[in-house]
Amino acid sequence: MRLDKYISSVTDLSRMQVKRALKSAEVTVNGEVVKEPRTAVSADDEVMFNGELLREAKPRYFMLNKPEGYVCASKDRLNMTVLELLDEDNLESLHVAGRLDIDTTGLVLLTDDGQWSHKITSPNNHCEKTYYVETADPIAPELVELFREGVKLKGELKPTRPAQLDIIHEQAARLSVSEGKYHQVKRMFAYAGNHVELLHRERIGGIVLDERLEPGEYRPLTEQEIALS
Ligand code: URA
């Protein structure tokens, strides 16, 4: 990574302040004063600013209220990505912990801590997620039992794990699933001959979408939320 980028990613300094610090010989790399912002540095280099060793920033954790029309990917040629909604340095080090479809809204977690996101996304951990769902047709009450027992989706070897369906009214429900098969919620309703018209994720494990976040807004997770995953 470029030295100037590295310094601004691990400190609170603005790009301009980093430039000035470099110019006035306040930065050393492995004991040598370096003034060139484009100097390449790696994790093995000892970068010091004003005599203080700079370390990789603490891991970052954010929750975002994803609006429709954004993809959960780091790059996309056609669509805007959820990362574009974040006003943070070093965006390329962040990734999504549990994707949503382009037309699904709600809770998305972003982090640069791979071990933490693994706990959420690993199929072995059965992290539970809750979705608010609206459907084209009335939701048959028998679906509560059907989804509890599990359904065998097309192309899958095993039935879905037991899921909890709470019908709110004729065409709206909450569904909690503890796995993350491709288009899982839409496919479960399609299996039952219904169509998901609106899908909004409200919860991942113990982390609940902050209702003060408007679509497109985000905030860091609290220490408590980080521990809840
Ligand atoms: N299930 C779906 O069908 N889509 C999502 O985005 C999330 C869960």
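Structure data summary
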{"item": "Taking N as its residue count, the alpha carbon Rg of the range 49-118 over 2.2 N^0.38 Å", "result": "1.27"}
{"item": "Volume per residue that the Cα convex hull of the chain spans, once the total is divided by residue count, Å³", "result": "149"}
{"item": "Exposure ranking of SER122, SER74 by accessible area [1.4 Å probe, largest first]", "result": "SER74, SER122"}
{"item": "For the range 1-134: span of alpha carbons on each principal axis (Å, largest first)", "result": "60, 32, 22"}
{"item": "Carbon plus sulfur fraction of accessible area for the chain, probe 1.4 Å, in percent", "result": "49"}
{"item": "Structure-based [θ]222 nm, the chain - -39500 (n - 2.57) summed over DSSP H runs of at least 4, per residue, nearest 500", "result": "-5500 deg cm²/dmol"}
{"item": "Accessible area of the range 80-229 divided out per residue, in Å², using a probe of 1.4 angstrom", "result": "55"}
{"item": "Unit Cα scatterers, Debye sum, the range 89-206: log10 I(q)/I(0) for q = 0.18, 0.20, 0.22 Å⁻¹", "result": "-0.92, -1.11, -1.30"}
{"item": "Loop sites in the range 29-61: GluC sites (Glu not before Pro), DSSP, at most 12 other Cβ within 10 Å", "result": "GLU46, GLU56"}
{"item": "Radius 15 Å from Cβ of SER14, net charge of other residues (Lys, Arg +1; Asp, Glu -1)", "result": "-1"}
{"item": "Per DSSP, loop trypsin sites (Lys or Arg not before Pro) in the range 98-161 with at most 12 further Cβ within 10 Å", "result": "LYS152, LYS154"}
{"item": "Ordering of 130-143, 211-224 by packing [mean C-beta count within 10 Å, highest first]", "result": "130-143, 211-224"}
{"item": "Only Lys, Arg (+1) and Asp, Glu (-1) charged, at Cβ; the chain dipole about Cα centre in debye", "result": "520"}
{"item": "Among the listed pairs LYS58/LYS186; LYS66/LYS158; LYS58/LYS181; LYS19/LYS66; LYS119/LYS158, those beyond 28 Å (Cα-Cα)", "result": "LYS58/LYS186; LYS66/LYS158; LYS58/LYS181; LYS19/LYS66"}
{"item": "Label-to-label distance, nm, for residues given as ASP103 and ARG2 (7 Å Cα→Cβ offset)", "result": "4.1"}
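The values are calculated or read from the model by the stated rules, or taken from the named source; none is laboratory data. Keep in mind that this is a model prediction, so the values were computed, not measured. Positions of Cβ are backbone-derived with ideal geometry, glycine not excepted, and every protein chain shown enters the neighbour counts. Side chains are part of the model used for accessible areas, which takes the heavy atoms of the whole protein and leaves out ligands, DNA and RNA. Shrake-Rupley method; radii C 1.70, N 1.55, O 1.52, S 1.80 Å.
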